[in-house]
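Trainee: The structure's right below; bear with me while I get my questions together.
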Ligand code: PLP
């Protein structure tokens, strides 16, 4: 099988797995127990991991707390903030193309009396800044914006949105699950207050992530659940030590290799799109042509259903819409929000290219997709 679903998840890099293994076999002590040396040593490794993770987003290690992934980080930032806030600010501003962990957290708060407002996005998925100026105001508590989209890859104008938010005194949360490790993410440059990271999107293990909380804001979050004092009580529960160590190594590798890797990934993506377009001139690419994740290609095949195409491509691991929504019959809400008709949205597949993709795999995928498309259109050439 040729794996082209890197937005859904990435394989754990073998270098990452290697540094994790001792934490299953030897260094298994609980880092919260500082009565014995073994526990204290693991605790010091956790702190080292925190530094590595902080470094990739240009944060201080004291601003990082460990979670189970970006879903939890997004929930903690949004619900955690809303639950402590008692002032006049009762509005959360987001976009219609966020991940469900953001959208559903907002919907939950709406049921409990908060106002949720959505920024307009253009046909590439980029936030329209005029709508940010109109909607973000003195009643806005938080603006939650993804760094880039998990379906169409479009990168958001975060600096501009943060500027607008700061003028109204609103805080900013960024879901950077798809961005960290792929494109530069700098919390100081973005001027965000909270930022979510997921390990399994950057070649680390699954089930671990982090939330950046700007210095001074930790107390403005209420925990999602209650227990011990880990992560200063904001995220109780025994640390996922191998996961945290693995995530830190994954961040370190990304930091060192990102510039070269993203340019190689982009070259493969461009080769894929050029070759496929040559074979099937009718296809349409969605998202922002230039300002998008290097490994993302989101393609509409007019006249052919995306799931039928996938069924005819058993050798390729791809997605229709977002993998997190599989099982849903509805067309992708991201694609309809950027103006695609239901028919076009249902005729769309997502390709995610990444670290281990080869040129040979790309050329095989192009051929197989072309054959499957032609077969479905019943015009065998
Ligand atoms: N946010 C975005 C943009 C994502 O793409 C995903 C994963 O699909 C998540 C959040 C959730 O991340 P996790 O799987 O770490 O909970």
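Trainee: Select from 367, 166, 111 the residue whose mean-square fluctuation is largest in a Gaussian network model of the chain (Cα-Cα springs shorter than 10 Å).
Mentor: 111
Trainee: By how many degrees, between 0 and 90 and to the nearest 10, does the Cα long axis of helix 241-279 differ from the longest principal axis of the chain?
Mentor: That helix lies at roughly 20 degrees to the long axis.
Trainee: Can you tell me the orientation of helix 37-56 relative to the chain, as the angle in degrees between its alpha-carbon axis and the longest Cα principal axis, to the nearest 10?
Mentor: Helix 37-56 sits roughly 50 degrees off the main axis of the chain.
Trainee: Got a sec? How would 356, 272 order by Cβ neighbour count within 10 Å, fewest to most?
Mentor: Listed from fewest to most nearby Cβ atoms, that is 356, 272.
Trainee: Test of understanding: in a Gaussian network model of the chain with alpha carbons linked when under 10 Å, which of 151, 256, 25 would top the mean-square fluctuation ranking?
Mentor: Most flexible of the set in this elastic network: 25.
Trainee: Could you tell me how many degrees, from 0 to 90 and to the nearest 10, lie between the Cα long axis of helix 359-376 and the main elongation axis, the longest principal axis, of the Cα atoms of the chain?
Mentor: 60 degrees
Trainee: Of all DSSP beta bridges in the chain, what percent run antiparallel (nearest 5)?
Mentor: 55 percent
Trainee: What distance in nm separates the two pseudo spin-label positions at residue 44 and residue 24, each 7 Å out from Cα along the beta-carbon direction?
Mentor: Between residue 44 and residue 24, the label points sit 2.6 nm apart.
Trainee: So what is the relative contact order for the chain, in percent, with contacts set as C-alpha pairs under 8 Å and at least six apart?
Mentor: With pairs under 8 Å counted, the relative contact order is 23 percent.
Trainee: Taking 25 °C and 0.890 mPa s as the conditions, I'd like the Stokes-Einstein D for the range 1-77 in µm²/s, using the Kirkwood hydrodynamic radius from alpha carbon pairs.
Mentor: 165 µm²/s
Trainee: Okay, next question. With n ≥ 4 as the cut-off for DSSP H runs, can you work out [θ] at 222 nm for the chain, using -39500 (n - 2.57) per run divided by the number of residues, rounded to the nearest 500?
Mentor: -12500 deg cm²/dmol
Trainee: Once the Cβ-Cβ distance between residue 34 and residue 215 is put in as r, and R0 is 30 Å, what FRET efficiency do you end up with, to the nearest 0.05?
Mentor: E(calc), rounded to 0.05, equals 0.75.
Trainee: Assuming R0 = 41 Å, can you tell me the calculated FRET efficiency for the pair residue 120 and residue 360, based on Cβ-Cβ distance, to the nearest 0.05?
Mentor: After rounding to 0.05, the efficiency reads 0.45.
Trainee: Here's another thing I want to ask about it. Suppose each label sits 7 Å from its Cα in the direction of the beta carbon; what would the residue 58-residue 257 distance come out to in nanometres?
Mentor: 2.4 nm
Trainee: Starting from the Cα coordinates of the range 1-135, work out the convex hull volume and express it per residue in Å³.
Mentor: Cα convex hull per residue, to the nearest whole number: 197 Å³.
Trainee: Return the FRET efficiency for the residue pair residue 133, residue 289: r is the Cβ-Cβ distance, R0 is 45 Å, and the value is rounded to the nearest 0.05.
Mentor: 0.95
Trainee: Report the Stokes-Einstein translational diffusion coefficient (µm² s⁻¹, integer) for the range 148-197, Rh taken as the Kirkwood radius over Cα pairs, at 10 °C with viscosity 1.306 mPa s.
Mentor: After rounding, the answer is 142 µm²/s.
Trainee: Next up: What ranking do 115, 366, 192, 16 get, fewest neighbouring Cβ atoms within 10 angstrom at the top?
Mentor: With the sparsest Cβ surroundings first, the list reads 115, 366, 16, 192.
Trainee: Scale the Cα Rg of the chain by the rule-of-thumb value 2.2 N^0.38 Å and send over the ratio, two decimals.
Mentor: After normalising by residue count via 2.2 N^0.38 Å, the value is 1.01.
The numbers here are math on the coordinates, done by the rules we state, and not lab data. Keep in mind that what you see is a predicted model, and the values were worked out from it rather than measured. Quick reminder, even Gly has a Cβ in these numbers, built from the backbone with ideal geometry, and neighbours come from all protein chains shown.
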